[in-house]
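What follows is calculated from the coordinates using simple rules that are stated; it is not laboratory data. The structure presented is a predicted model; accordingly, all values stated were derived computationally and were not measured. In this analysis, Cβ positions are derived from the backbone assuming ideal geometry, glycine residues included, and neighbour counts consider all displayed protein chains.
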Amino acid sequence: MYKTPCSRLTGLFGTSVSLNQKRLGKNAPRSYLSARSLIQLSRRDPSQWMTYQQLNFLKRQYVMKNNNALYQRAKPKQTASLSHLEDHQNGVRQIQQVPTIDTGPVVDTVLKHASSQAASPPQAKAVLVAATDMLEAPHVQVETDEIREARLDRQWKELKVDLAELPDVYARLAKIKLTALVVVTAAAGFAMAPVPFDPATFFLASLGTGLAACTANSINQYFEVPFDSNMSRTKNRPLVRGQISPLHAVGFALFCGVSGISLLSLAVNPLTGALGTLNIFLYTCCYTPLKRLSITNTWVGAMVGAIPPVMGWTAATGALDPGALLIGGFLYCWQFPHFNSLSWNLREDYSRGGYRMMSVTHPAMCKRVALRHSLGLMAVSGLGPALDVTTWTFPLVSLPINLYISYLAFRFYQRGDRNSARKLFFCSLWHLPMLLLLALTCKKSRTDTEGAAKTPSPVPMS
């Protein structure tokens, strides 16, 4: 029993047929084709095989039968439409763009219809407005002057300093807390001097020292604006946030520097003015650039911190005595456990800013130096009576607080964690005022010093 060609083609699952109808007509009868002959013909030319699924697809594309042959009616070619490519994470998707509609003929028709009809003036005006709206491109946005000014104001705006906020800006530019600490240490050096207390000289020396510290801190911030912007601790400083212009900051620093050094040199004594100038130079020209070059910046910074109490001593006495070096030694040794413990918890910030600190590049040395100078505080305290600055009670009464900060420094040296560093830092905040207060209470009075100097030696009796 034989089947028709179309029924045989649609009933063979997985059988391949040839698209070349001429070859089928030459090699087999046109009306009777067996399955075996179709398989043999398809094996002769495998390049033109077609599966059953493809055949069904052809049937959906207007396939028609004519004279026992298959013909495919070509679909009308559509006009190509513009397309855009939109990027996605997994590939590229083609988006069809809707062509714009030409509203010219429509508007002309509306205008002709409005002119032909005897419409009232308001109606004619409404028609004209509607036609004008149709002519306008809906996607074009006209930027007014107000919108343009608002946009430019967000991009570029003139720096305007509010006079009400200027004192706060100056205070943060001068690092008012650090400046206050410098003034306190200078006042302690003035009070420790073995001379009568002069309130006017004390006030002028404190004011001049404070102005010099403001100058050094302001110039330091001016130089470190690009690096402070990368640190969480310093990103809110006035120059980083643009609250004050660099020229304004330099002008403030020059005003404080000139007035402070002039006050110290003319109203106090030239030696104190020279020490103030040296301190500004060390802080701005040595310590500030060394922070990005070498870890020796910590030792230079300790020298900068040790000069203010020496300035207080020289402001009172006019001379650089061993007692001035003793008070400076307190500040020099104290700064290492104070700053090393502070920088330990700010290592990420200093590394982000590009500063070469011991806590970043030499962590083991950072802990050793903090412990070494904590122990050095006890040795410097013992030099007070030897230099005839304090009584012998001072090493005894200062021993407990010196032992406690040394104990915390030893724990920081052993553990090296954030908790031990934090405890050492907070201990250093109250240790220095307590140490200076004990030294002031145990200060050797001027009468005792003069009495010891004037007491004649006993004459041996013959």
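Structure values in brief
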item: Over the range 164-320: Rg over Rh, Cα atoms, Kirkwood Rh; result: 0.99
item: Given LYS177/LYS443; LYS235/LYS291; LYS291/LYS367, the pairs whose alpha carbons are separated by over 21 Å; result: LYS177/LYS443
item: Residue order, fewest to most surrounding Cβ atoms within 10 angstrom, among PHE425, PHE410; result: PHE410, PHE425
item: Summed side-chain charge close to PHE426 - residues other than PHE426 whose Cβ falls under 14 Å, Lys, Arg +1, Asp, Glu -1; result: +4
item: Magnitude of the charge dipole, the range 150-305, Cβ model with Lys/Arg +1 and Asp/Glu -1, debye to 20; result: 600 debye
item: For THR234, net neighbour charge (Lys/Arg +1, Asp/Glu -1) across residues whose Cβ lies under 9 Å away; result: 0
item: Under the Karplus curve 6.51 cos²θ - 1.76 cosθ + 1.60, θ = phi - 60°, whole-Hz ³J(HN,Hα) for the range 339-345, x wherever Gly or Pro sits; result: 6, 5, 5, 5, 5, 5, 7
item: Residue order, fewest to most surrounding Cβ atoms within 10 angstrom, among GLU224, GLU348, GLU143; result: GLU143, GLU348, GLU224
item: Residue-span extension gain [GLU149 to LEU293] - 0.36 nm each, minus C-alpha spacing; result: 47.3 nm
item: Ranked list, fewest to most other Cβ atoms within 10 Å of each Cβ, for ILE147, ILE261; result: ILE147, ILE261
item: Whole-angstrom gap from the range 374-397 to the range 251-271, using each part's C-alpha centre; result: 34 Å
item: Built amide H within the under 5 Å cut-off of THR390, gap 5+; result: LYS444
